[in-house]
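Here's the structure, in structure tokens; my notes come after.
The values are calculated or read from the model by the stated rules, or taken from the named source; none is laboratory data. All values reported here derive from a predicted model rather than from experimental measurement. Because the Cβ atoms are built from the backbone with ideal geometry, glycine has one as well, and the counts that use them run over all protein chains shown. Heads up: the accessible areas ignore ligands, DNA and RNA and are worked out on the full protein's heavy atoms, side chains in. Shrake-Rupley method; radii C 1.70, N 1.55, O 1.52, S 1.80 Å.
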Amino acid sequence: MENLETASSPHLLPALPYAHEALEPYIDARTMLLHHGKHHAGYVAALNAALQAFPDLKERSAPWLLLNPGKLPRAIRTTVLNNAGGHVNHSLFWQAMSPLEGGAPPIGALAIAIVRDFGSLAQFKLQFSEAGGKLFGSGWVWLVRVKKDGGRLQVCTTEGHDNPITEGRYPILVNDVWEHAYYLKHENRRAAYLDGWWSIANWKEASRRFERYATFPERHSGFDGELLRPAVI
Ligand code: MN
């Protein structure tokens, strides 16, 4: 029997890879409940709704939609890009945190690359936190591996739900600096949220992503399957 829900709703909310309260005290359980169960779920629902009348596009992954804006009908383009971006970014964000690995420093090739490209882990963290703190309005702060320049690491920010893959930059680590990510606990103190976040940053997953993108597939093949894959927690 056909699964009607899957047939009409190609994009699914991934389960959180830990309990809502697992990231306390840095991110409180109620924020996680709303952020995952309402905000992220809302982006998935809006994406599915926008694609409802477009059977060809319903077959496509969320990263594909972001990478092919010219193939989206004008009437739904902005809605699809915003909500596919919200879905992709939040899927990466849940994987970028871990109650178990949080606080453990990066190891291996990623640790070496951070020293090479930023001078030290401390200088990288400073640059990341400053970029996240300075971003005006809603957006994201990223550690990315760039396609050009031999795969160097960079810190960058994106506005709204934009994702750096559209510029040939592959996400290694990401933090959400929309107010809904921290306001219930930290109110207007985004810097306190960013500082505390290092205690739950998932460097094991970041290392896996860094090594995964040692070479850059021309058509971003392989990125699609990343989103719903269980993270290394
Ligand atoms: Mn968010």
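Values for this structure:
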item	result
Top-ranked residue of the stretch 150-175 - restricted to ones that are open to solvent by 40 Å² or more (accessible area, probe 1.4 Å) and polar (S, T, N, Q), ranked as farthest from the ligand (Cβ to nearest atom)	GLN154
Residue list for the stretch 59-83, restricted to those being small (Gly, Ala, Ser) and open to solvent by less than 60 Å² (accessible area, probe 1.4 Å)	SER61, ALA62
Matching entry among LYS185, LYS147 (being touching a Phe, Trp or Tyr at 6+ places or on another chain (Cβ under 8 Å) and within 16 Å of the ligand (Cβ to nearest atom))	LYS185
Qualifying residue in the stretch 176-193 (condition: closer than 17 Å to PHE124 by Cβ, charged (D, E, K, R) and open to solvent by 60 Å² or more (accessible area, probe 1.4 Å))	no
Boolean, TRP140 is open to solvent by less than 60 Å² (accessible area, probe 1.4 Å) and in contact with a Pro (Cβ under 9 Å, 6 or more places away or on another chain)	yes
Residue count, the stretch 61-94 (criterion: within 16 Å of the ligand (Cβ to nearest atom) and among the small types (Gly, Ala, Ser))	5
Index of the failed condition, ASP56 passing every other in (1) within 16 Å of the ligand (Cβ to nearest atom); (2) open to solvent by 30 Å² or more (accessible area, probe 1.4 Å); (3) assigned to a helix (DSSP H, G or I)	(1)
Pairs, first within 8 Å of TYR43 (Cβ to Cβ) in the stretch 73-87, second β-branched (Val, Ile, Thr) and open to solvent by less than 20 Å² (accessible area, probe 1.4 Å), C-beta under 6 Å, six or more apart	HIS87/VAL44
Which numbered condition ARG208 misses (of (1) within 16 Å of the ligand (Cβ to nearest atom); (2) open to solvent by 10 Å² or more (accessible area, probe 1.4 Å))	(1)
Scan of the stretch 17-48 for residues that are away from the ligand (no atom under 16 Å from the Cβ) and open to solvent by 70 Å² or more (accessible area, probe 1.4 Å), ordered by number	GLU21, GLU24, PRO25
Residue match in the stretch 117-131 (condition: surrounded by fewer than 16 Cβ atoms within 10 Å (Cβ to Cβ) and either touching a residue at least 24 places away in the same chain (Cβ under 8 Å) or within 16 Å of the ligand (Cβ to nearest atom) (or both))	no
Flag for GLY196 being closer than 26 Å to ALA109 by Cα, open to solvent by 30 Å² or more (accessible area, probe 1.4 Å) and over 15 Å from the mean Cα position of the chain (by Cα)	no
Condition check for ASN202: open to solvent by less than 40 Å² (accessible area, probe 1.4 Å), at negative phi, of a type outside the set (Ser, Thr, Tyr) and touching an Asp or Glu at 6+ places or on another chain (Cβ under 6 Å)	yes
